Amino acid sequence: MSPSSPPAQPLPGPFRGAAVIGGTHGLGRALALGARDRGLRTVVYGRSATPLPDADDLLSGADGPRPDADGLLPRSLDLCDPQSVRTASVDVPGPCYVLWVAGAFLKKALVETTEDEVEQLTRLLFSGPVLFLRRLLAETEGPVHLITIASSSSWKRRERESLYCGLKAAQATFVRNLVPELLAAHPENRITLVNPGGLAVPDFHTGLALDFGAMMDPGEVAEIVWNIAATQRRAFTEVQILRSREPGSEGTPEVSYGARVPQTPEEPAAAGGAAAPLPIQHH
């Protein structure tokens, strides 16, 4: 959020906390800071690349563990380590937002990957978060608002990204089918599925020669996500946040609602992929 931006407004409803799975870098970090700015006690789970001290080791105040210098409650979680997924604390102030943001990118043909790369990426992007989410949802006092950051790669045709795209598609499909279960658990549970495309996060796109100046700012996208979540009334909302490629507006977020039909292998990689025109908002 830029210095000229108005202060974030407190979120409506009973929510007291937020748990951000993968909140140490990029969009996850921006979403965690947005939760903090909206008055939520925000637990940030760090993935294996940036281990964090466990929140229980921090000095405690009258209301529980004291936040770090950024006002967040850091907690160690390695999604690639089954033991860490089983034992990391799921003590989060409820009712709460749960944000599934953890991610990593891999641009490689499947036959060029190693067995370890396939296993580690699958754990990081899908099986690790699902197993941890299973524990977190079981222990969290409801209602819960689950915000899942998938990717436009879940429906776009890509080159040399079959593993990454397949895992993001699995994430999106999993969340859509989790909706009835969450509503059965608590009628006020909410789910937001976000498919962004074109974020300016150099650490995510390691080794690729990209023009990050023509990509979306994570802080701006985080504000859009929080504004959508704050005004959501339906049980489930799916949203696409894609960067504009229009001359003079490169990198401007374009927001549209609803699912997209997956592109076919015959389509050009940069094709649109929408089943029908969707309402678009420019931010």
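Observations, loosely collected:
- Plainly put, region 145-194 has a radius of gyration that is 1.09 times its Kirkwood radius, both from alpha-carbon atoms, as the Rg/Rh ratio.
- If R0 equals 35 Å, the separation of the Cβ atoms of Leu131 and Gln9 corresponds to a calculated FRET efficiency of about 0.55.
- Backbone HN-Hα couplings from phi across region 75-92 [Karplus 6.51/-1.76/1.60, Hz, Gly and Pro as x]: 9, 6, 8, 10, 5, 8, 10, x, 5, 5, 4, 6, 10, 4, 4, 10, 7, 10
- Ordering of 165-171, 84-90 by burial proxy (mean other Cβ atoms within 10 Å per residue, highest first): 165-171, 84-90
- Portion, in percent, of the accessible area of region 132-224 that falls on carbon or sulfur, probe 1.4 Å: 51
- FRET efficiency for Ala109 and Ala69, using Cβ-Cβ distance with R0 set to 51 Å, rounded to 0.05: 0.75
- Table column - 3J(HN,Hα) (Hz), region 163-171, Karplus curve with 6.51, -1.76, 1.60, x for Gly and Pro: 5, 4, 5, x, 5, 5, 5, 4, 4
- Computed over region 89-158, relative contact order equals 59 percent, with contacts defined as Cα pairs under 8 Å that lie 6+ residues apart.
- Net charge of neighbours whose Cβ lies under 12 Å from the Cβ of Gly219, counting Lys and Arg as +1 and Asp and Glu as -1: -3
- Kirkwood Rh, angstrom, region 209-263 [1 / mean 1/r, Cα pairs]: 12.7
- Over all Cα atoms in region 152-246, the spread is summed up by Rg and Dmax: 15.3, 46 Å.
- Remark: the Glu181-Ala214 segment gains 7.9 nm on full extension, using 0.36 nm per residue and subtracting the alpha carbon distance.
- Close amide H partners of Glu238, meaning residues 5 or more places away or on another chain with modelled amide H under 5 Å apart, are Leu193, Gly258.
- Rounded to two decimals, the Cα radius of gyration of region 102-216 over 2.2 N^0.38 Å is 1.18.
- Calculated FRET efficiency for the pair Gln83/Asp116, C-beta based, R₀ 22 Å, to 0.05: 0.80
The values are calculated or read from the model by the stated rules, or taken from the named source; none is laboratory data. Please read these numbers as outputs of a predicted model, since none were measured by experiment. Here Cβ is always computed from backbone atoms with ideal geometry, including for glycine, and neighbour counts include all displayed protein chains. All accessible areas refer to the heavy atoms of the entire protein, side chains included, with ligands and DNA or RNA removed. Shrake-Rupley method; radii C 1.70, N 1.55, O 1.52, S 1.80 Å.
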